[in-house]
Amino acid sequence: MKIAICDDEPIFVDKLKKLVNKYFNDKNISHSIDTYLNGISLFTNCSIKNVAYDLILLDIEMPTMQGTDVVAKLKECHKNIPVIFISSKINYGDVAVELRVYRYIYKINIDHKLQEALDSILHHLINNSAEIDAEDNGKIIKIKISNILYLQSCDKKIECYLDSGKIVYIKSSLKDIENNVTFFRFVRIHKSILVNFDRSSFENKKIILDNNMTLDISRNRKQHVTNRYMELMST
């Protein structure tokens, strides 16, 4: 597992690196950690030198290039990379939701919140390989749940919209899907629609999918969706 840590405070970078190293060593998971003291260096390595990371732990307020700008630019070409914001500030929650940051941890809580976040990341990466049966032109195929943008109920089937542009069908109900732990990171934005949190962003009270398609949130679910997106960033 390849990890990047970026913060303009060298002492905190060293502390965070030790915590991350201990976590993965305790789990006997092979890993490497690159550290950066500014956002430009991280962005340059990822975008120009094509260095790929499985996880980025990133400060928000840094000189020259802020963490929010780094994430916004990285997600133009690496949409699904898990990012954890680690900051001493508490006023970036809305931005973190829009950027689909995986977690938001306050520096003061790092000692007891980091392990929970890394546990969740590992669970997320494992679930990214989870599959489900679907019907495609009369044939039963396997699809990765991570490739689903959203699900919409239609008669007695569920239309499954994939990132490839294809639509396949699942014989189930939205309620059963919603209660399936594998679909924990799906959010109901309408009585007939479940959206994949990891393949969407929440902007101006609308859902923007990875393919830039926009979905409206039903009026009576707007607060629920806001709460769920914030919750999924912290679980």
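The values are calculated or read from the model by the stated rules, or taken from the named source; none is laboratory data. As the structure is a prediction and not an experimental result, all values here were calculated from the model. Note that each Cβ is placed from the backbone with ideal geometry, even for glycine, and that neighbours are counted across all protein chains shown.
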Q: Specify which of the listed residues (Asn212, Asn179) is closer than 27 Å to Glu76 by Cα and either modelled with pLDDT under 95 or not charged (D, E, K, R) (or both).
A: Asn212
Q. Got at least one residue in region 25-38 being more than 24 Å from Arg228 (Cα to Cα), crowded, with 20+ Cβ neighbours inside 10 Å and not aromatic (Phe, Trp, Tyr)?
A. no
Q. Just a yes or no: is a residue in region 154-176 in contact (Cβ under 8 Å) with a residue 24 or more places away in the chain, aromatic (Phe, Trp, Tyr) and within 27 Å of Glu116 (Cα to Cα)?
A. no
Q) Do any residues in region 72-94 that are assigned by TED's automatic domain parsing to the domain that holds Lys17 and closer than 15 Å to Ser47 by Cβ have Cβ atoms under 9 Å from those of residues that are part of a loop (DSSP other than H, G, I, E, B) and at pLDDT 85 or above, where the two are at least six apart or on different chains, and which pairs are they? A) Lys73/Met65; His78/Tyr53; Lys79/Asp210; Ile81/Tyr53
Q.
Pairs needed: first member in region 126-139, in a strand (DSSP E or B); second member anywhere, among the aromatic types (Phe, Trp, Tyr) and modelled with pLDDT of 90 or more; C-beta distance under 7 Å; at least 6 residues apart or different chains.
A. Ala134/Tyr169; Glu135/Tyr169
Q | region 140-153 - residue that is without any contact (Cβ under 8 Å) to a residue 24 or more places away in the chain and assigned to a strand (DSSP E or B) and, of those, farthest from Ile208 (Cα to Cα) | A | Ile140
Q: Kindly provide the set of residues from region 173-205 that are assigned to a strand (DSSP E or B) and surrounded by 15 or more Cβ atoms within 10 Å (Cβ to Cβ), ordered by number.
A: Phe186, Val187, Arg188, Ile189, His190, Ile193, Leu194, Val195, Asn196, Ser200, Ser201, Phe202
Q: Report yes if some residue within region 105-119 is within 23 Å of Phe183 (Cβ to Cβ), modelled with pLDDT of 90 or more and loosely packed, with under 12 Cβ neighbours inside 10 Å; otherwise report no.
A: no
